[in-house]
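Colleague: After the structure tokens below, expect a handful of questions from me.
The values are calculated or read from the model by the stated rules, or taken from the named source; none is laboratory data. All values reported here derive from a predicted model rather than from experimental measurement. Note that we place each Cβ from the backbone using ideal geometry, even for glycine, and neighbour counts take in every protein chain shown. We work out accessible area using only protein heavy atoms, side chains counted, and drop any ligands, DNA or RNA first. Shrake-Rupley method; radii C 1.70, N 1.55, O 1.52, S 1.80 Å.
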Amino acid sequence: MSRFCYFLCVALLALFLGQTADARPVSYPEGWTIMQHNNGDFSSAHVHYSPTFQDSFGIYSERNWANDWQFTGVQYNRLVKRWNTSDSQANLYFKLGAGQADAFGDSDESLAGFVDISADWETRRWFLAYDARAYDLGFDQDFRQFARLGVAPYIGDYGDLHTWLMVQVDHDPESDTPVTATPLIRFFYDVQLLEIGYTPETDRFMLNWIIRL
Amino acid sequence: MTVFKSAFIAAALVVAAPVSFAESAETEQASNATQIIAKVNGMVCDFCARAVTKVFGKEDAVESVDVDLDAGEIRVALKNGATISDERVGELVKKSGYDLVSVLRDTA
């Protein structure tokens with residue numbers, strides 16, 4: 001399946017499920033979330049349901065163009081710890097995925113899984129995040145991590161369009177370009193989040209979006 | 001014709017009066033509603049505000065929910081005659097993922 005067809009299928013799925021952010025892997029109790037990430041190295045789609053503010057269950061699919069494999073499975077996200085203060089919030093998350101994977105051009109599918117740990121800290125002006133993920137694909141292993149720093153150029157009120165200027169540094173040891181930096185802009189309005197970025201080292205665009213229902 | 005005109009005006013008054021009275025009564029109820037102001041920690045983003053709006057909005061006693069991100073406050077208007085305990089407010093704030101600092105009550 002081509003990248004375009006993959007993007008199209010996920011977009012149609014989102015439209016079918018509803019018109020209805022924040023990049024956190026759990027939502028409010030009884031909330032649904034649809035998120036998609038595309039950065040040139042990989043494209044992923046994740047749909048999850050949160051029974052509580054600490055847990056979410058869902059499905060996850062990824063096509064990794066950099067390392068030539070695809071994964072499809074179920075995913076569990078857990079908010080391990082949250083620190084709330086009067087002007088900030090920090091979170092520690094653990095994520096677990098299990099499913100099947102196959103290498104491009106190989107019809108054999110293997111049992112596969114991943115573990116992921118992420119953390120973020122946010123005020124109304126500043127944003128910091130880190131995420132590390134390790135895959136066991138059955139036929140191979142993979143690892144990647146990223147860190148992100150963001151600043152809000154203005155402080156919006158509840159219900160306003162919120163804008164963030166960010167830079168994300170990715171490290172993927174298996175990739176042709178192991179370390180990249182991607183400046184991006186995040187728009188967050190109502191229940192929708194959109195991120196658009198560009199990676200000069202690889203001449204590729206980032207496009208992420210999230211919808212919470 | 002004058003009789004018809006008088007009858008029409010009288011009928012219109014009979015029909016409009018209860019509606020007008022009901023609107024006045026509604027306004028009266030709203031102005032008498034009790035408001036709860038919950039000061040919370042951790043509510044730093046629009047999505048945080050949506051979480052508390054969703055959770056508080058499901059409570060039977062709640063008429064409306066507003067959030068002041070600058071002040072870190074959830075402002076809850078209760079339905080006429082409805083009550084909600086401080087303990088329940090704390091539970092709802094916790095269920096939303098945040099920490100309750102204080103609860104103020106304001107009866108207009």
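Colleague: Leaving ligands, DNA and RNA out of it, rank B:Arg50, A:Arg204, A:Arg212 by accessible area with a 1.4 Å probe, largest first.
Modeller: Largest accessible area first, the residues go A:Arg204, B:Arg50, A:Arg212.
Colleague: Under 28 Å Cα to Cα from B:Lys54, which lysines show up? Leave out anything in the same chain fewer than 8 places away.
Modeller: A:Lys81, A:Lys95, B:Lys39, B:Lys79, B:Lys94, B:Lys95
Colleague: Per residue, how much accessible surface does region A:60-213 expose to a 1.4 Å probe? Answer in Å², no decimals.
Modeller: Heavy-atom SASA per residue in region A:60-213 reads 47 Å².
Colleague: What's the long-distance tail for region B:37-108, i.e. % of Cα pairs beyond 19 Å?
Modeller: Of all Cα-Cα distances in region B:37-108, 22 percent exceed 19 Å.
Colleague: Keeping all protein chains in the complex and leaving out DNA, RNA and ligands, what accessible area do you get for A:Met166 with a 1.4 Å probe, in Å² to the nearest 10?
Modeller: Surface accessible to solvent at A:Met166 totals approximately 10 Å².
Colleague: What percent of all Cα-Cα pairs in region A:21-129 falls in each 10 Å bin, counting up from 0?
Modeller: 14, 40, 32, 12, 2, 0
Colleague: What is the P(r) of region A:111-213, as percent of Cα-Cα pairs per 10 Å bin from 0?
Modeller: The percentages, shortest bin first, are 14, 38, 33, 13, 2.
Colleague: Right, something else. From the helices alone, meaning DSSP H stretches of at least four residues, give me the mean residue ellipticity at 222 nm for chain A, per-run term -39500 (n - 2.57), in deg cm²/dmol to the nearest 500.
Modeller: That comes out to -2500 deg cm²/dmol.
Colleague: Take the alpha carbon atoms of region A:127-190, find their center, do the same for region A:95-110, and report the distance between the two centers in whole angstrom.
Modeller: Measuring centre to centre over Cα atoms gives 24 Å.
Colleague: For A:Trp209, A:Trp32, A:Trp69, give the ranking by accessible area with the largest first, probe 1.4 Å.
Modeller: A:Trp32, A:Trp209, A:Trp69
Colleague: Also: How crowded by other chains is A:144-157, given as the mean number of beta carbons from other chains within 10 Å of each beta carbon?
Modeller: Mean partner-chain Cβ count within 10 Å for A:144-157: 1.
Colleague: Further question: Take peptide A:87-98, look around each residue's Cβ out to 10 angstrom, count Cβ atoms belonging to other protein chains, and average those counts.
Modeller: Mean inter-chain Cβ contacts per residue within 10 Å come to 2.
Colleague: Let me ask something else about it. Interface B/A, total buried accessible area with a 1.4 Å probe, nearest 100 Å²?
Modeller: 2100
Colleague: Taking a spot 7 Å from the Cα of A:Lys81 along the direction of its beta carbon, which residues of region B:69-108 have an amide N less than 15 Å from it?
Modeller: Zone members listed by number: none at all.
Colleague: Under the Kirkwood approximation for Rh and a Cα-based Rg, what ratio Rg/Rh is obtained for chain A?
Modeller: Result: Rg/Rh = 0.94.
Colleague: How large is the direction-averaged shadow of the alpha-carbon convex hull of region A:69-121, in nm²?
Modeller: Averaged projected area of region A:69-121's Cα convex hull equals 4.2 nm².
Colleague: Give the aspartates and glutamates reachable from B:Lys58 as a straight Cα distance under 15 Å; neighbours fewer than 8 places away on the same chain don't count.
Modeller: B:Lys58 reaches A:Glu30, B:Asp66, B:Glu91.
Colleague: Same structure again: Which is farthest toward the positive dipole end of region A:63-213 among A:Thr123, A:Pro173, A:Ser110, measuring Cα position about the Cα centre, with Cβ charges +1 (Lys, Arg) and -1 (Asp, Glu)?
Modeller: A:Thr123
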